[in-house]
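Data block below; observations after.
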Amino acid sequence: MSVHVVRPANVDDPTWPSGGNVYDRRVIDGLGAAEHTTTATVPDGALTVVDGLLSGPGLLAEATRLRLVVLVHLPRWEPWERALLAAAAGVITTSRWTRDQLVARYDLDRVVVAEPGVDPAPLAPGSVAGSALLTVGAVTPAKGYDVLAAALGRLGDLAWTCRGVGSTVIEPEFAAGLGDTVRLTGPLDRADLDATYAAADLLVLASRAETYGMVVTEALARGLPVVASDVGGVREALGDGGVLLPPGDADALAAALRRWLTDERHRSSLRVAARRRRTTLTGWDRTVGLVGAALEALR
């Protein structure tokens with residue numbers, strides 16, 4: 001089966017890491033697909049997966065020239081998007097949450113879910129005190145770094161550290177205004193990120209929006225419990241491996257972190273839950289298989 005994929009130009013840029021880019025790269029490599037950064041280079045009639053990040057009103061015309069399959073990470077909720085997805089040969093989402101939203105709001109009936117996989121990883125030894133907190137994601141309001149900083153500011157009577165791994169150049173003024181509660185490292189290469197996970201005790205994800213939350217399963221693959229905002233598909237990624245909180249609520253986050261830092265029995269319970277969830281995680285081969293099966297059905 002010949003498959004073409006139109007993906008962002010920066011999909012392999014180490015200074016611009018994102019879950020969407022990782023997803024695209026793993027699926028492209030798994031399918032052995034031909035890569036493009038624009039539909040203009042794709043031959044007529046080709047079965048073509050287009051990353052929804054590249055979609056726009058102009059893509060609608062290509063739905064008649066190509067057998068178009070749109071990969072939707074986070075919906076835009078625009079009239080052109082509704083028309084595009086209705087005209088496409090197929091729609092793939094990266095979470096059940098996204099699928100359910102599309103079905104309910106766009107009245108679609110042929111949406112396939114292919115959740116992200118995760119690579120196996122050794123258990124994280126963490127710290128002796130259990131006080132090493134970690135957050136991973138671009139330093140932007142969408143990832144809730146300001147909420148995390150505000151929550152940590154309420155914990156000045158306790159001992160803890162918090163590292164934030166992610167690009168600081170997308171919204172530099174926002175990053176600069178966060179203060180010093182979170183030690184920002186910028187993006188890390190794979191080896192350094194693995195070492196950072198290994199040194200952590202708890203992943204904190206204060207996002208205001210997430211399609212799935214691949215960093216959640218990356219943490220769980222290492223047996224790390226997670227405290228996260230209950231947004232988008234995070235609930236699917238987390239399972240019973242941690243704690244879900246209302247998004248944007250610094251008080252609730254501070255209370256959850258305080259309990260983690262002061263209640264040894266609670267920490268032990270969450271670690272057990274995270275390791276249990278670890279045994280149910282699936283790899284990228286399953287993701288590629290789901291995408292491949294969806295495309296095969298369109299031949």
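Every read-out reported here was derived from the displayed coordinates using simple, explicitly stated rules and does not represent laboratory data. None of the values given here were measured: they were computed from a predicted structure. Cβ: placed from backbone, ideal geometry, glycine included. Neighbour counts: every protein chain shown.
The C-alpha radius of gyration of region 35-110, expressed as a fraction of 2.2 N^0.38 Å, stands at 1.02. With q set to 0.20, 0.24 Å⁻¹, the log10 of I(q)/I(0) for region 79-191, from the Debye formula over equal scatterers at the Cα positions, is -1.03, -1.21.
Translational diffusion of region 113-170, estimated by Stokes-Einstein from the Kirkwood radius over alpha carbon pairs at 4 °C in a medium of 1.567 mPa s, is 93 µm² per second.
Here region 132-278 is treated as a sphere whose radius is the Kirkwood value from Cα pairs; by Stokes-Einstein at 4 °C and 1.567 mPa s it diffuses with a coefficient of 87 µm²/s. Between Val49 and His4, Val5, Val6, Val69, the built amide H atoms are under 5 Å apart, and every one of these is 5 or more places off in sequence or on another chain. Within the chain, the ratio Rg/Rh, alpha carbon atoms throughout and Rh by Kirkwood, equals 0.99. All other residues whose Cβ lies under 15 angstrom from that of Asp13 are scored, Lys and Arg at +1 and Asp and Glu at -1, for a net of -2. Computed from backbone phi, the HN-Hα couplings of region 239-250 come to x, 9, x, x, 10, 9, 10, x, x, x, 9, 5 Hz, rounded to whole numbers (Karplus: 6.51 cos²θ - 1.76 cosθ + 1.60, θ = phi - 60°; Gly and Pro given as x).
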